[in-house]
Amino acid sequence: MISTLLACALSLQTTSPGASPASAPPADWRAAEAGTLHGHVQLTFADRFAKAGEAYFSPDDQRIVFQAVEKLADGSEPPPHYAMYVADVVRNAAGAIGSIANIRRVSPPGSANTCGWFDPRDPMTLLFASTIGPPTEGQAPGYQRGTGRYRWMFPPEMRILMCDLKKADGSSQWQDSLTPLVGDGKAYVAEGSTSPDGKWLLYCDLAHGDGDIWVLNRENGVKTALVSAPGYDGGPFFAPDGRRICYRSDRSANNILQLYVADLAFDATGHIVGIAQEHQVTRDSNVNWCPFFHPSGAFLVFASSAMGHRNYEVFAVDAGVADRDGVPQPRYGTNLRRVTHADGADVLPVFSHDGRWMLWTGQRDEGATSQLYVAEWKMPPDPVIAPPTSRPTAGGSASRRPD
């Protein structure tokens with residue numbers, strides 16, 4: 001199931017019905033994204049990184065963690081696997097993000113790494129998945145040069161570590177900074193993120209099936225299975241209130257990822273014991289992945305193949321409860337809106353904790369390499385309803401459920 005998913009669902013194919021013709025002019029994404037995103041800034045560049053991606057903000061929005069493949073000073077072939085990096089966010093006097101600085105590697109040399117996350121209780125503690133040493137998986141992950149294909153690695157050595165940033169500086173003393181949290185190096189355990197209070201660690205585990213979502217109580221070490229539908233369930237994140245989670249699932253066994261939000265079930269002591277209710281957010285023929293909650297908890301941003309497998313774009317969709325005349329109303333899958341409009345892949349969108357910035361991985365530079373971008377979030381909370389005589393375009397602003 002996993003290998004099929006990689007080959008079909010997450011590959012950016014060389015041809016696609018939704019892809020733009022080769023002769024079409026480049027998209028004017030700044031004009032197309034006006035009113036949605038503002039003040040775009042590229043944060044990583046191809047002169048240093050062969051590719052970079054999957055970045056997240058620290059709880060105070062003053063730093064980011066990201067994975068990248070760094071180019072070598074002698075010009076030789078860069079390493080095949082992602083390393084983990086942290087960097088300081090540089091802002092101007094008005095608080096606008098302009099760049100990142102003090103970039104440093106925090107992962108072991110030669111290892112494969114993914115899914116970094118700051119501990120909300122301690123800004124000097126980082127969580128990420130690592131093989132610690134070189135993985136047995138031989139092929140490199142990410143967008144494959146010359147084909148546009150995206151490959152996802154599942155090395156069995158991958159486990160989730162806790163990293164003390166006071167000690168992790170890319171030096172030979174990295175061993176002293178790392179503490180295993182979950183995983184024994186015999187089956188892929190990764191895609192970790194924590195609850196807002198830092199007590200709970202969500203993660204994907206292949207040790208007990210074909211990709212299931214578990215939660216670890218970091219205070220007592222108790223592990224609880226949450227989502228174990230057939231197929232691959234992964235990429236989980238907590239809602240800002242800590243009482244819901246979002247994730248992707250391949251449960252239909254059709255190599256198409258759909259998005260879900262689940263209400264968590266708690267016992268009398270406040271311990272997470274399972275899922276109380278699940279809500280399907282997307283229901284279409286696209287590959288939908290990397291969902292992430294807006295700080296309001298009312299909607300998600302995610303990447304979709306709706307515009308073609310060579311041009312993944314970011315969309316926003318309702319995934320919460322809205323107050324209508326004093327009556328709370330669930331809204332899941334409505335108000336679907338397209339966020340990004342550039343040629344190439346725009347994926348892995350996340351928000352700063354204050355909701356002002358969206359950070360994502362895009363292929364907008366001259367060489368179409370995967371790099372980090374950030375922009376101010378300007379999309380209004382509700383859509384502009386098209387006049388009755390107008391027909392909404394794909395990914396448009398009409399309030400509807402994805403189909």
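The values are calculated or read from the model by the stated rules, or taken from the named source; none is laboratory data. Note that the structure is predicted; figures quoted are calculated from it, not measured. Cβ sites come from the backbone with ideal geometry, for glycine too, and all protein chains shown count toward neighbours. Side chains included, ligands, DNA and RNA excluded: accessible areas come from the protein's heavy atoms. Shrake-Rupley method; radii C 1.70, N 1.55, O 1.52, S 1.80 Å.
Return only the number of the condition from (1) under 21 Å from Thr125 (Cα atoms); (2) over 16 Å from the mean Cα position of the chain (by Cα); (3) in contact (Cβ under 8 Å) with a residue 40 or more places away in the chain that Phe237 does not satisfy.
Checking Phe237 against (1) under 21 Å from Thr125 (Cα atoms); (2) over 16 Å from the mean Cα position of the chain (by Cα); (3) in contact (Cβ under 8 Å) with a residue 40 or more places away in the chain, the one that fails is (2).
Would you mention how many residues in the range 328-366 are farther than 16 Å from His309 by Cα, open to solvent by 20 Å² or more (accessible area, probe 1.4 Å) and polar (S, T, N, Q)?
2
Would you mind finding the one in Asp233, Asp241, Asp267, Asp263 that is surrounded by 21 or more Cβ atoms within 10 Å (Cβ to Cβ) and among the acidic types (Asp, Glu)?
Checking each option against the conditions leaves just Asp233.
Of the numbered conditions (1) farther than 26 Å from His353 by Cβ; (2) open to solvent by 10 Å² or more (accessible area, probe 1.4 Å); (3) outside any strand (DSSP E or B), Gln277 satisfies every one except a single condition; which is it?
Unmet for Gln277, out of (1) farther than 26 Å from His353 by Cβ; (2) open to solvent by 10 Å² or more (accessible area, probe 1.4 Å); (3) outside any strand (DSSP E or B): (3).
From the residues in the range 54-80 that are outside any loop (DSSP other than H, G, I, E, B) and within 19 Å of Pro108 (Cβ to Cβ), which one is farthest from the chain's Cα centre (by Cα)?
Here the answer is Glu70.
Listed residues Pro230, Pro240; which is modelled with pLDDT of 95 or more and part of a loop (DSSP other than H, G, I, E, B)?
Of Pro230, Pro240, the one residue that is modelled with pLDDT of 95 or more and part of a loop (DSSP other than H, G, I, E, B) is Pro240.
Scan the range 196-217 for residues that are of a type in the set (Gly, Ala, Ser) and buried (at least 23 other Cβ atoms within 10 Å of the Cβ) and jot them down.
Gly211
Which of the residues that make up the range 61-72 are open to solvent by 20 Å² or more (accessible area, probe 1.4 Å) and in contact with a Phe, Trp or Tyr (Cβ under 9 Å, 6 or more places away or on another chain)?
Arg63, Glu70, Lys71
Results for (1) buried (at least 19 other Cβ atoms within 10 Å of the Cβ); (2) farther than 27 Å from Tyr203 by Cβ, shown as yes or no for each residue.
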| site | (1), (2) |
| --- | --- |
| Cys290 | yes, no |
| Pro295 | no, no |
| Met307 | yes, yes |
| Gly326 | no, yes |
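Take the range 327-383 and flag every residue that is in a strand (DSSP E or B), of a type in the set (S, T, N, Q) and modelled with pLDDT under 95.
The answer is Gln329, and nothing else.
Just to check your reading of the model, which residue among Asp119, Asp47 is acidic (Asp, Glu) and under 19 Å from the mean Cα position of the chain (by Cα)?
Within the list Asp119, Asp47, the selection yields Asp119.
What are the residues in the range 179-195 that are farther than 14 Å from Lys223 by Cβ and open to solvent by less than 30 Å² (accessible area, probe 1.4 Å), if any?
Gly185, Tyr188, Ala190, Glu191, Ser193, Thr194, Ser195
Would you check which residues across the range 134-185 are at pLDDT 70 or above, in contact with a helix residue (DSSP H, G or I) (Cβ under 9 Å, 6 or more places away or on another chain) and of a type in the set (Asp, Glu) and list them?
Result: Asp164, single match.
Looking at Arg251, is it in contact (Cβ under 8 Å) with a residue 60 or more places away in the chain, among the basic types (Lys, Arg) and either open to solvent by 40 Å² or more (accessible area, probe 1.4 Å) or under 28 Å from Trp357 (Cα atoms) (or both)?
Taking the combined requirement at face value, the residue does not satisfy it.
What pairs can you find where one residue is in the range 87-108 and open to solvent by 40 Å² or more (accessible area, probe 1.4 Å), the other is modelled with pLDDT under 95 and part of a loop (DSSP other than H, G, I, E, B), and their Cβ atoms are less than 7 Å apart, with a gap of 6+ or different chains?
Arg104/Asp169; Arg104/Gly170; Arg105/Gly170
Looking only at the range 81-102, which residues are within 14 Å of Phe49 (Cβ to Cβ) and assigned to a loop (DSSP other than H, G, I, E, B)?
Once the filter is applied, which keeps residues that are within 14 Å of Phe49 (Cβ to Cβ) and assigned to a loop (DSSP other than H, G, I, E, B), the range 81-102 yields His81, Tyr82.
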